[in-house]
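Just below is one structure, and these are the notes that go with it.
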Amino acid sequence: MVSELQAIVDSIATRAGRAALIEDRRQRVVVYSEQIEPMDEVRRRSILRRQTTAEVIAFFREVGVQQATGAIRTPACPRLDMLPRVCIPIRHGGLLLGFLWFLDPDESMTDEEIASVSTTTTDLALALYRENLSGEIASQHETEAIRLLLADEPDARRHGALALLDAGSLADDG
């Protein structure tokens with residue numbers, strides 16, 4: 001089943017006519033569309049590792065992506081083997097939730113094209129918020145199950161173990 005965020009990023013990429021990638025506010029890769037050439041090493045490594053490097057994060061902070069309230073263009077960085085990009089911050093109520101990225105090697109993405117895909121940030125923000133919230137809830141459930149697993153009472157340990165097995169956090173191999 002395709003997640004809501006995956007469906008949104010695929011739709012955005014189709015509308016933009018170029019590959020798109022969504023990162024959370026810590027610049028960890030959340031979802032991405034089909035990637036087509038040209039592609040730089042930063043994009044390739046980010047997808048393979050599901051996150052970017054501290055050096056790349058520092059570069060993007062220097063160019064202002066964390067503070068941006070609207071789309072910004074980021075320059076190429078030969079030192080990092082990075083092509084120019086368009087970054088659209090994903091915000092909800094002023095809270096930064098993530099980033100929508102497009103490679104723009106020839107800097108041909110027009111202001112109209114950027115504006116067109118920028119209109120999807122409300123849907124993206126809500127979907128990203130729901131994804132973050134569901135991850136936090138799952139993490140809380142797992143933490144509670146582990147706490148029970150470490151309890152003194154056998155019934156509590158059994159309940160914790162069953163909860164972890166049901167969630168797929170433990171292998172049921174004896």
Open item on the list: Compute a Gaussian network model of the chain, connecting alpha carbons closer than 10 Å, and tell me which residue from Ile22, Ile90, Ile57 fluctuates the most.
Closed with: Ile57
Open item on the list: For segment 1-78, which GluC sites (Glu not before Pro) pass both filters: DSSP loop (anything but H, G, I, E, B) and at most 14 other C-beta atoms within 10 Å?
Closed with: Glu34
TODO: Could you tell me what percent of the accessible area of the chain is made up of carbon and sulfur, with a 1.4 Å probe and every protein chain present?
DONE: 52
- [ ] Multiply the residue gap between Leu95 and Arg61 by 0.36 nm, knock off their C-alpha separation, and tell me the result in nm, one decimal place.
- [x] 10.6 nm
TODO: Scan (i) 38, 17, 15; (ii) 46, 17, 12; (iii) 35, 25, 17 for the value of semi-axes √(5λ) of the Cα gyration tensor in Å calculated from this model and give just the label.
DONE: (i)
Task: Local electrostatic count, Leu124, Cβ distance below 14 Å [Lys/Arg +1, Asp/Glu -1] - done: -2
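If you add up the charges near Arg15, with Lys and Arg at +1 and Asp and Glu at -1, over every other residue whose beta carbon is less than 13 angstrom from its beta carbon, what do you get?
Numbers: positive: Arg18; negative: Asp10, Glu112, Glu113, Asp123.
Taking every other residue near Arg15 into account, the sum is -3.
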- [ ] Could you work out the local net charge near Gln67, counting Lys and Arg as +1, Asp and Glu as -1, over the other residues with Cβ closer than 13 Å to its Cβ?
- [x] +2
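Counting each DSSP H run of 4 or more residues in the chain as -39500 (n - 2.57), what helix-only mean residue ellipticity at 222 nm follows after dividing by all residues, to the nearest 500 deg cm²/dmol?
The per-residue figure over the chain is -15000 deg cm²/dmol.
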Open item on the list: Give me the extension gain from Asp10 to Arg157: residue separation times 0.36 nm, minus the current Cα-Cα distance, reported in nm with one decimal.
Closed with: 48.6 nm
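The values are calculated or read from the model by the stated rules, or taken from the named source; none is laboratory data. Bear in mind that the values here come from a model prediction, so they are computed numbers and not experimental data. Cβ: placed from backbone, ideal geometry, glycine included. Neighbour counts: every protein chain shown. For the accessible areas, the whole protein counts, side chains as well, though only heavy atoms, and no ligand, DNA or RNA atoms are used. Shrake-Rupley method; radii C 1.70, N 1.55, O 1.52, S 1.80 Å.
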